[in-house]
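Below is one structure, written out as structure tokens; the observations come after it.
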Amino acid sequence: MRRLVGRPITTFHTLAALLVACLLLGACASGGSGTASESAKSGTEQAAPPKGVAAPAGHPLANVEMSMRPDEVRKLMGEPDSEKRYPGAIWKNFIPFYFGADSGNRVEYGYAGKGRVVFSVNRWSSQQNVVRVDYDPNEDGE
């Protein structure tokens, strides 16, 4: 029988332990009875369509195209009811040699009764381009 006490911990052992911890945390986070989401959908409230659902033909959001700039969207849709900025993929900021254009930051325009338009922010020029259009007739615009 080998003696394990006093042996140095190798990089392999550390990585294996991290992998097991991540798998266990992922299983805990994804596992659940779903009662909270079911209770949120109860009543007369309609569930919002999933993100990225295309707007029906003839709807103002159907004219918004990918890679449009904010000024083009404002000409087409008018002024948004709300504007929100948030980090979408913050991990991109911590990659030492990431030279991609997408900074991971997002700008979101909310239009009441219509949906949302999501822009990606370019890391180098700060230019914003549409990356997703979310059709949602229940949008409150906040």
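The values are calculated or read from the model by the stated rules, or taken from the named source; none is laboratory data. Fair warning: this is a prediction, and the values are worked out from it, not measured in the lab. All Cβ positions, glycine included, derive from the backbone under ideal geometry; neighbour counts span all protein chains shown.
Each row is one residue, and each column tells you yes or no for (1) under 18 Å from Glu142 (Cβ atoms); (2) in contact with a helix residue (DSSP H, G or I) (Cβ under 7 Å, 6 or more places away or on another chain); (3) modelled with pLDDT of 85 or more; (4) not hydrophobic (A, V, I, L, M, F, W, C).
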position	(1), (2), (3), (4)
Ser103	no, yes, no, yes
Gly113	yes, no, yes, yes
Ser120	no, no, yes, yes
Ser126	no, no, yes, yes
Seminar exercise, completed: Of the residues in the range 112-133, those that are β-branched (Val, Ile, Thr), buried (at least 19 other Cβ atoms within 10 Å of the Cβ) and closer than 11 Å to Met68 by Cβ number 3
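Taking the options Glu65, Glu72, name whichever one is part of a helix (DSSP H, G or I) and modelled with pLDDT of 75 or more. It would help to see each step written out before you state the result.
Working: Glu65 fails: part of a helix (DSSP H, G or I).
When all the criteria are applied, what remains is Glu72.
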Problem set entry | Number of the exception - Lys92 against (1) outside any strand (DSSP E or B); (2) among the basic types (Lys, Arg); (3) at pLDDT 85 or above | (3)
